[in-house]
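Structure first, then comments.
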Amino acid sequence: MSGGEFWYYLALVVQVLVALLGGYYVFVYTVGLLPWRREKKAEEDRFLRFAILIPAHNEQDVIDKLITNLKKLDYPDDFYKIIVIADNCTDSTAQVARESGAIVWERRDPLKRGKQYALDWAFRKVLKEGNFDAVCVFDADNLVSLNFLRKVNEKLLSGEKVVQCYLDTKNPLDTWITKAYALGYWISNRVFQLARWRLGFSAVLGGTGFSLRRDLVEKYALGLTSLTEDLELTVKLNLKGIKVGWIHDAKVYDEKPLTLKDSWYQRLRWMRGHWDVALRYGFALLKKAILEGKLHMFDMFFYAISPLRILLGGTIIFFLVLSSVSDISVGGVQIKGFLPFWLWLSISVWIWFYPLVALIQEKVPLRLFSHLFYLVIWSLTWIPVVIQALISVRVRSWSHTRHTRSLTLEELSQLKL
């Protein structure tokens, strides 16, 4: 086989795989928009004991608002403890947290810096010292709907062992970047998390606003080393046959970066961790999916290799645009678009159609639909981020995103979208 023929068949295979994967997601998301699955009722009526863990590195500007928020949760005070992990702090985070009424565990380890190490350290202390049934994890900049623990308690008592709650945005209107984040999260909460959970697949842990039973902490949550410890834990649980449950009516509000630069560095860390997890666990997921023939395992495999999907999708877009204006040949063999343009157009249009349906279902004001332009631009920047992350995948340093949006839940509820 000549070099030209090799590139010819490689281009054919890549286009077919991307089209099949695109078609798969169109099917999953479209069918998942319908209410196929009903909520299970709790098997018993009691209150579980929760340890609420908040990893915090130099978060003196926002930590008090979260603690005050958590102390008002619609749940008996004696059944949950708020624990702040002041991780290598050089400001007044620990002092502010104590004065706000939280338990503070201070951690000093300049060699092992980052959320994954802080959580691992805290998980081990909880298992040794605490009399808890489950743990919850939040980021220091978060705000939480007051029904959070009540909804989590109901879900865990209904048979779930690990659950993720709705991730919303604390500052959706600050800049064009936060507007893009807000739309992206409103869409993904429904077409990615809720839709897939309705089809019997696993939701994905989002780094904050999740809870898991104590026995899962002991068996699977220790020793996580990826920059995206939430994804690593999700994959480890799925490999053991444990799906992540989804709670759509309890929300966590997360502060989003204000600038493209800050967003870039945040997503670069995410994608480095995602590549790391894909390379370490991708084959195991695919093997288990094939051997057991379970669609939800294939779905988790497809999610684990999302950076590759973004990379291939970006390549296809570039290739189609280039081939539409000029002939491409390698070694005398012409490389072209093998699949009809109408197929790519159909997949693309439908992929943009169901987000619109999702926004309507999420009751997002119509005037905010104009922000979709920002989302398109922001989404395209994922392609170079993914490429840079792959090139620098061995970089393990934690890049801290500074949080300054100090709001109360009451002030957030008065924000007019």
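Read the figures in this text as sums done on the coordinates, not as results from a lab. Bear in mind the structure is a predicted one, so any value in this text is a computation, not a measurement. When we count neighbours, we look across all protein chains shown, and the Cβ atoms used for this are built from the backbone with ideal geometry, even at glycine.
So what does log10 I(q)/I(0) come out to for the range 64-135 at q = 0.19 Å⁻¹, using the Debye formula with one equal point on every Cα and no solvent?
Values, matching the q order: -0.86.
Taking 7 Å along the Cα-to-C-beta vector as the label spot, tell me the ARG280-LEU380 distance in nanometres, rounded to one decimal.
3.5 nm
Hey, how much of the P(r) for the range 14-408 falls beyond 37 Å, as a percent of Cα pairs?
Here the tail beyond 37 Å accounts for 21 percent of pairs.
Show me, bin by bin at 5 Å from 0, the whole-percent P(r) of the range 182-262 based on Cα pairs.
Over the range 182-262, the share of Cα pairs per 5 Å bin runs 3, 12, 22, 24, 18, 13, 6, 2, 0 percent.
What is the order of VAL395, VAL244, fewest Cβ neighbours within 10 Å to most?
VAL395, VAL244
How many nm separate the modelled label positions at ARG108 and ARG150, each set 7 Å beyond the Cα in the direction of the Cβ?
It works out to 4.3 nm between the two label points.
Using Cβ contacts closer than 10 Å as the measure, can you line up TRP197, TRP382 from fewest to most?
Ascending Cβ contact count within 10 Å gives the list TRP382, TRP197.
If Lys and Arg each add +1 and Asp and Glu each add -1, what is the summed charge of the other residues whose beta carbon sits under 11 Å from the beta carbon of VAL386?
The answer is +3.
Per residue of the chain, what 222 nm ellipticity follows from adding -39500 (n - 2.57) for every DSSP H run with n ≥ 4, rounded to the nearest 500?
After summing the helix terms and dividing by the residues of the chain, the value is -16500 deg cm²/dmol.
Just name one of VAL385, PRO76, PHE148: the one whose Cα is farthest towards the positive end of the charge dipole of the chain (beta-carbon charges, Lys/Arg +1, Asp/Glu -1).
Checked the options; the winner is VAL385.
From the Cα trace of the range 6-111, what convex hull volume per residue do you get, rounded to a whole Å³?
Looking at the range 6-111, the number lands at 248 Å³ per residue.
Can you sort GLU292, GLU255 so the residue with the fewest Cβ neighbours within 10 Å comes first?
Placing the least packed residue first, the sequence is GLU292, GLU255.
So which residue, out of ALA94, ALA289, ALA140, gets the largest mean-square fluctuation from a GNM of the chain using Cα contacts under 10 Å as springs?
Among ALA94, ALA289, ALA140, the largest GNM mean-square fluctuation belongs to ALA289.
Picking from ALA42, TYR29, VAL96, whose Cα lies most toward the positive end of the charge dipole for the range 19-139 (charges on Cβ: Lys, Arg +1; Asp, Glu -1)?
About the Cα centre, the residue reaching furthest to the positive side is TYR29.
Viscosity 1.306 mPa s, temperature 10 °C: what is the translational diffusion coefficient of the range 251-309 from Stokes-Einstein with a Kirkwood Rh over Cα pairs, rounded to a whole number of µm²/s?
Using the Kirkwood radius from Cα pairs, D works out to 121 µm²/s.
With label points built 7 Å along Cα→Cβ from the Cα atoms of GLU99 and TRP352, find their separation and express it in nm.
5.1 nm
From the residues GLN361, ALA86, PHE192, which one has its Cα farthest along the dipole of the chain in the positive direction, the dipole being from +1 and -1 charges on Cβ of Lys/Arg and Asp/Glu about the Cα centre?
The Cα lying farthest towards the positive end belongs to PHE192.
I'd like to verify something in the chain: which complete DSSP H helices, judged by Cα projection on the helix axis, reach 24 Å or more and average at least -0.5 on the Kyte-Doolittle scale?
Within the chain the helices that satisfy the rule are 3-32, 260-292, 306-325, 341-361.
Once you've got the Cα coordinates, tell me which of LYS261/LYS294; LYS65/LYS112; LYS41/LYS256 are over 30 Å apart.
Beyond 30 Å between Cα atoms: LYS261/LYS294; LYS41/LYS256.
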